[in-house]
Amino acid sequence: MKLTKTLLAAGTLASVATLVAACGSGQVGGSTDNSGSNNANSKKLALVPGVQAEPFYISMQCGAQDEAKKLGYELTTQAPQKFDAAMQTTIVNAMGSNPPAALLIAPTDDHAMLAPIQQVKNRGTKIVEVDTSLKDKSVAVSSISSNNEEGGKLAAQTLAKLVGEKPGSVLILDTIAGTSTTAARAKGFADELAKHPNLKSIGVQYTQNEPDQAASKVTAALASTPDLIGIFATNLNTGEGGATGLRNAGKIGKVNLVGFDASPSEVDGLRKGEYQALIAQDPAEIGKQGVDQAVAALEGKPVQRDLTAQLHSITKDDLDANSKYFYKQNC
Ligand code: T6T
């Protein structure tokens, strides 16, 4: 499997991959060797995902671990209990004066995580962003993610196809303001939805990435908007909560739910008709490429500044044919 510029059913995406030469600078773990090759941590990589025990990040970790092993590096993973910038900062700060040679991180906030990550970088660690990213593009040597805006666009096209000419209102469930990925998905979705006059957006609701909050937002939207015809859930937690909200109101199948990601619970929901479509990412590939780019940076090889992973639109009809995109609960 490789990273490409393709998004199934949405046509070809522009590649944002730019080749730049890696420059080994700074120190890692107190070494005086600028390349990091002569010090105790020079083969150590750390992965800090957005949140622990979540199939998207578990799959990413599996891909990263396998690749690190193959390349002769040691990868350790530490994830915050919640998708929360303060909790993630504690983990990053704990690297202190003994940081890894490279840090692969999914910043939980595109502003708040800048200072802690910059501090690790200042000690000579190479920074690679996996999935989410900082607004400041100068910190990471490489960023690997899905083309999230295109994913949102694909979700809107999928919903428009599902409802046909029927008019109705549409709700967008986002996670937490400052999450680069889901914000891009919501934007891509809203921009594309505006091209369909029969569909009216009732806006974005934030859920703090908590399924319970997503369920409550759906309950409220159903009460205030009788013509609700569709929901776009920008990630697996909003999707799982969205499905709960619809189930509680007896609206499964009556309101179309298009989700992002392919967690076991979402796949099960698609099979049962709770979701009408899922946009699956390839987190294992994001993790693998994160390691490849980190190692390239450490070894003075060319590094790709931006890489885009494939997305796959899955419906009930092609569910089993797409099982290779389902996320894992363990490696
Ligand atoms: O959708 C993924 C990830 O891409 C996003 O940045 C945060 O949410 C997930 O981890 C799924 O819960």
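For first residues located in region 255-282 and among the aromatic types (F, W, Y), partners that are assigned to a loop (DSSP other than H, G, I, E, B) and modelled with pLDDT of 95 or more and lie 6+ apart or on another chain with Cβ distances below 9 Å form the pairs F260/T234; F260/N235; F260/Q281. Determine which member of the set A183, A106 is of a type in the set (A, V, I, L, M, F, W, C), within 12 Å of the chain's Cα centre (by Cα), surrounded by fewer than 24 Cβ atoms within 10 Å (Cβ to Cβ) and within 15 Å of the ligand (Cβ to nearest atom). One residue alone meets the criteria, A183. Of all the numbered requirements in (1) open to solvent by 40 Å² or more (accessible area, probe 1.4 Å); (2) touching a residue at least 24 places away in the same chain (Cβ under 8 Å); (3) away from the ligand (no atom under 16 Å from the Cβ), P226 misses one, and that requirement is (2).
On the given criteria, is V218 assigned to a helix (DSSP H, G or I) and β-branched (V, I, T)?
yes
Across region 44-74, the number of residues qualifying as open to solvent by 70 Å² or more (accessible area, probe 1.4 Å) and within 10 Å of the ligand (Cβ to nearest atom) comes to 0.
Is one or more of the residues making up region 134-146 over 23 Å from the mean Cα position of the chain (by Cα) and without any contact (Cβ under 8 Å) to a residue 12 or more places away in the chain? Looking through region 134-146, none of the residues is over 23 Å from the mean Cα position of the chain (by Cα) and without any contact (Cβ under 8 Å) to a residue 12 or more places away in the chain. Scanning region 229-260 for residues that are surrounded by fewer than 24 Cβ atoms within 10 Å (Cβ to Cβ) and assigned to a loop (DSSP other than H, G, I, E, B) returns A249, G250, K251, G253, K254. State yes or no: is Y275 modelled with pLDDT of 95 or more and assigned by TED's automatic domain parsing to the domain that holds R185? So Y275 passes the test. In region 86-103, the qualifying residues are those that are part of a helix (DSSP H, G or I) and open to solvent by 60 Å² or more (accessible area, probe 1.4 Å), and the one that is nearest to the ligand (Cβ to nearest atom) is M87.
Taking (1) farther than 23 Å from R185 by Cα; (2) outside any loop (DSSP other than H, G, I, E, B); (3) open to solvent by 20 Å² or more (accessible area, probe 1.4 Å) in turn, V303 satisfies each apart from (3). Considering (1) within 14 Å of the ligand (Cβ to nearest atom); (2) in the same structural domain as K187 (by TED's automatic domain parsing), say which one Q157 fails and leave the rest. Of everything listed in (1) within 14 Å of the ligand (Cβ to nearest atom); (2) in the same structural domain as K187 (by TED's automatic domain parsing), Q157 misses just condition (1).
The values are calculated or read from the model by the stated rules, or taken from the named source; none is laboratory data. Source: prediction; values computed, not measured. With ideal geometry, Cβ positions are generated from the backbone for all residues, glycine too; neighbour counts draw on all protein chains shown. Accessible surface areas use protein heavy atoms only, side chains included; no ligands, DNA or RNA. Shrake-Rupley method; radii C 1.70, N 1.55, O 1.52, S 1.80 Å.
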